[in-house]
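Worksheet for the structure shown next.
The values are calculated or read from the model by the stated rules, or taken from the named source; none is laboratory data. It should be emphasised that the depicted structure is a prediction, and the values quoted were computed from it without experimental measurement. Note: ideal-geometry Cβ built from the backbone for every residue, glycine included; neighbour counts use all protein chains shown. Side chains are part of the model used for accessible areas, which takes the heavy atoms of the whole protein and leaves out ligands, DNA and RNA. Shrake-Rupley method; radii C 1.70, N 1.55, O 1.52, S 1.80 Å.
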Amino acid sequence: MVKQISSISELQEVLSHAPALGFVPTMGALHAGHLSLVERAKSENARVLVSIFVNPLQFGAGEDLDAYPRPLEQDIALLQSAGADYLFTPMAADMYPEGFKTTVSVAELDNQLCGMARRGHFDGVCTVVAKLFNLVHPERAYFGEKDWQQLTIIRRMAADLALRPQIIAVPTLREVDGLAMSSRNRYLSEQQRAIAPALYQTLQTCAQAIRSGEQVIETLRTGERHLLQKGFEKIDYLQLCDGETLLPLSAFQKGARLFAAAHLGRARLIDNIALEE
Ligand code: AMP
């Protein structure tokens, strides 16, 4: 039975008896991608704690905070069958009580990619993840490679602040047609869902072209045009970047990754792949 814990005091009481924990922070609306993190955590830890918290700090004005799906009953059933031990569902008022003034911010890494279109987003992510790490005190924490920039920033934060957990990266889980699983895929109409795999396909096509010696900037421009032709309404970025510094690259080098973010209807979809096979 997954044990749901909704208050910080109960969490502390439960954890005072718990063995070393693997921790999977999420915003809920769980899918098989999230469950692959839970599975990995289960294989490496005596107990697994999952959190579901739609963190208001990481949503900008006009973003989908209110609309974000919150199917808690369904999530509990999924966690039950995945074998999670604890589910922490804190209230925003407990995480950010009156007088809360602290922001955790990782410089530079948040100026790139999603940081440009979503100012302040990663400060919100770092602040909540740092607080959750302090509350849960896990031995290991699991993050998806789908959100590569987030993973990179969290790694930096954990190293810089000597936070306890080891940060473990888990590969992106995809639908059979290649679309990266995401809670936001629920926003897609049937027609948009048919267009969405073009994001991953375009990343692959661009990667193939760059590997075979095509000029990077030209390749990415062609990729952007292709996405717009397919039906994406707006491209936030299609970029080749270093996987660690996240700085843009204009030529292939070791550790390079291709990153994309594009709008399709109400959904803003992101994806990334390594350039090396
Ligand atoms: P979210 O609920 O979107 O905040 O995601 C919670 C965690 O699950 C993050 O570490 C994500 O990177 C990870 N995640 C989301 N989608 C996927 C996926 N398709 N494959 C692997 N991990 C994922």
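Worth pointing out:
- A simple rule links phi to the HN-Hα coupling: the Karplus curve 6.51 cos²θ - 1.76 cosθ + 1.60 with θ = phi - 60°, which for the range 23-39 gives 10, 10, x, 9, 10, x, 6, 6, 9, 4, x, 4, 5, 5, 5, 5, 4 Hz, with x for Gly and Pro.
- In sequence order, the range 117-124 has phi-based couplings of 7, 10, 4, x, 4, 6, 4, x Hz under the Karplus curve 6.51 cos²θ - 1.76 cosθ + 1.60, θ = phi - 60°, and Gly or Pro positions carry x.
- Our summary gives the chain a relative contact order of 17 percent, counting only alpha carbon pairs under 8 angstrom and 6 or more residues apart.
- Sequence-distant residues sharing a close amide H with residue 236 (under 5 Å, placed H): 261, 262, 263
- With R₀ set to 41 Å, the beta-carbon distance separating residue 204 from residue 164 gives a calculated FRET efficiency near 0.65.
- P(r) for the range 144-277, from all Cα pairs and a bin width of 10 Å, is 12, 41, 33, 12, 1 %, short bins first.
- Backbone N atoms of the range 117-143 closer than 15 Å to the 7 Å Cα→Cβ label point of residue 20 belong to residues 137-142.
- Computed Kirkwood radius, in angstrom, where 1/r is averaged over Cα pairs of the range 90-182: 14.5
- Rounded to the nearest whole angstrom, the semi-axes of the ellipsoid equivalent to the range 1-55, taken from the Cα gyration tensor as √(5λ), stand at 19, 16, 8, largest first.
- When only alpha carbons of the range 19-98 are considered, Rg and Dmax amount to 13.4, 41 Å.
- Gyration tensor (Cα) of the range 223-277, equivalent ellipsoid semi-axes in angstrom: 23, 11, 9
- For the chain, Kirkwood radius (reciprocal of mean inverse C-alpha pair distance, Å): 19.6
- Nearest-0.05 FRET efficiency for residue 186 and residue 111, computed from C-beta distance (R0 30 Å): 0.50
- Most positive-pole-ward Cα, 219, 112, 250, against dipole of the chain from beta carbon charges: 219
- In terms of its C-alpha gyration tensor, the range 79-118 has an oblate overall shape, because the principal axis ratio a/c (a ≥ b ≥ c, square roots of the eigenvalues) is not below 1.5 and a/b does not outweigh b/c.
- Burial ranking of peptide ranges 35-45, 182-192 (average Cβ count within 10 Å, highest at the top): 35-45, 182-192
- 3J(HN,Hα) couplings calculated from phi for the range 249-255 with the Karplus curve 6.51 cos²θ - 1.76 cosθ + 1.60 (θ = phi - 60°) are, in sequence order, 10, 10, 8, 4, 8, 4, x Hz; Gly and Pro show x.
- Contour minus Cα-Cα distance for residue 46 and residue 74 (0.36 nm per residue): 7.6 nm
- Comparing Cα centroids, the range 5-54 and the range 126-194 end up 13 angstrom apart.
- Calculated FRET value between residue 3 and residue 266, using beta carbons and R₀ = 35 Å, to 0.05: 0.55
- Within the accessible area of the chain (1.4 Å probe), percent carbon and sulfur: 50
- Average accessible surface for the chain: 47 Å² per residue, computed with a 1.4 Å probe over protein heavy atoms with every protein chain in place.
- Here the Kirkwood formula, the inverse mean of 1/r across different C-alpha pairs, assigns the range 144-193 a hydrodynamic radius of 12.9 Å.
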